[in-house]
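The values are calculated or read from the model by the stated rules, or taken from the named source; none is laboratory data. Please read these numbers as outputs of a predicted model, since none were measured by experiment. Every residue, glycine as well, gets a Cβ built from its backbone with ideal geometry; the counts of neighbours run over all protein chains shown. Accessible surface areas use protein heavy atoms only, side chains included; no ligands, DNA or RNA. Shrake-Rupley method; radii C 1.70, N 1.55, O 1.52, S 1.80 Å.
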Amino acid sequence: MGSAGLNPVFAQSGPAPQNWMHPGGIIARWQLNVFHVSLAIVLTVAAVVSVLLIYTLWKFRDRSYRPGLERKADPAGLPPQIDGNHTLEIIWTVIPVILLVVLAVPTVRTNYLLASPPPSDPIPVRVIAYQWWWAFEYPEHGVVTANELRIAVGKPVQLTFESNDVIHKFWVPQLAGKMDVIPGRINQSWLQADREGVFYGQCAELCGPSHAHMRFRVIAQPEHEFEAWIASYGREPQPRSEAEAAAFHRGMEIFAARGCSACHTIEGTVFQGKVGPNLTGFGSRMTVGAGIMSNTRENLARWVTNPGALKPGVMMPAHDLSREEQDALVTFLHSL
Ligand code: CUA
């Protein structure tokens, strides 16, 4: 995790998290196949043309040339002037046509595959983009979460994309290519993870000052773990231990008193704000601030006290909290 030189506050997701050449699902594999076919054709053409070019330069070089020697214009010394060659012209027209047809077959086929519905009955998920975070709603399960899309390995997920404000773009390099998320329009696509893992996601359309901080994760887990997560959703939050009970209740009070509850929902409680990310199950999230930082106590305390310092333009205001209040609030949030 993390690379030398990067701010340790900002969360990484394994080495080369945006390496789409290491696909984790069927959609990304189809897309990689098209790339491989194109790459093979391009490299073959480049190799043949380079060899012909080098051969021609060598074979037809001016053998009488010496550096510094003054050349006099001598029409009789010019090479033979050629005026077209039908055979060659037909060859260098027909070969590219064949190559384009060869390239078109997998390209068009893959486009139709991407636009077709998933092979088996998918889990529907509504993706709603906000400046600068993501909401994920599972309408069949009554689950709403933010910035972490949990899915079951081997099970397709049908995504519909909506935007709350400007144009965003959903991109999980190792699972699926980019999809525009446009206000007033519903786009659709699906994806599927074929192995367990945490797949890095990123908004890929410039959408304001914190566009680069509009990240997310797709967490692919075995189906029973996914089902368990769905089942545990929305239970009334409890302190994680007896020792934490006092801080937990104090944190819950602060959450209400400082206005957090005006914007955030926590299922199982009276807090039902709809402006910011839904925080139900927040304690199990890997990151804070829409994927930018690991969800540690220190990072969460920094976030709740001054989010604008970490994410320019963020809607959430700064909160002047004492050390004790920060601790209590963090304890409460981590117990969710
Ligand atoms: Cu949303 Cu860039």
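Each Lys or Arg adds one and each Asp or Glu subtracts one; over the other residues with Cβ under 12 Å from the Cβ of residue 174, this totals +2.
Charged side chains reduced to their Cβ positions (Lys and Arg at +1, Asp and Glu at -1) give the chain a dipole of some 1100 debye around its Cα centre. Heavy-atom accessible surface of residue 49, to the nearest 10 Å², is about 80 Å², with a 1.4 Å probe and all protein chains retained. Between rounded, prolate and oblate, where does the stretch 290-336 land on the alpha carbon gyration tensor, with a ≥ b ≥ c its root eigenvalues, rounded for a/c under 1.5, else prolate if a/b exceeds b/c? Cα axes put the stretch 290-336 in the oblate bin. Over the stretch 39-185, all Cα pairs binned in 5 Å intervals from 0 give whole-percent P(r) values of 2, 6, 9, 12, 10, 8, 7, 7, 6, 6, 6, 5, 5, 5, 4, 2, 1, 0, listed from short to long. Scanning the chain for trypsin sites (Lys or Arg not before Pro) lying in DSSP loops with no more than 12 further Cβ atoms inside 10 Å, the longest uninterrupted stretch between such sites is 73-184.
Give the calculated FRET efficiency between residue 196 and residue 141 to the nearest 0.05, with a Förster radius of 25 Å applied to their Cβ-Cβ distance. Calculated transfer efficiency: 0.75. Probing with 1.4 Å while keeping every protein chain in the model, the per residue accessible area of the chain equals 55 Å².
In the distance distribution for the chain, Cα-Cα pairs more than 29 Å apart total 52 percent. Ligands, DNA and RNA left out, the 1.4 Å accessible surface of the chain is 61% carbon and sulfur atoms. For the stretch 80-160, the square roots a ≥ b ≥ c of the C-alpha gyration tensor eigenvalues yield an a/c of 1.5 or more together with a/b exceeding b/c, which makes the shape prolate.
With all pairs of separate Cα atoms included, the stretch 242-334 yields a Kirkwood hydrodynamic radius of 13.3 Å.
In the distance distribution for the stretch 119-165, Cα-Cα pairs more than 16 Å apart total 36 percent.
Summing charges over neighbours of residue 325, with a neighbour being any other residue whose Cβ is under 12 Å away from its Cβ, gives -1 when K and R count +1 and D and E count -1. In the chain, taking the dipole from charged Cβ atoms about the Cα centre, the farthest positive-side position among 189, 173, 315 is held by 173.
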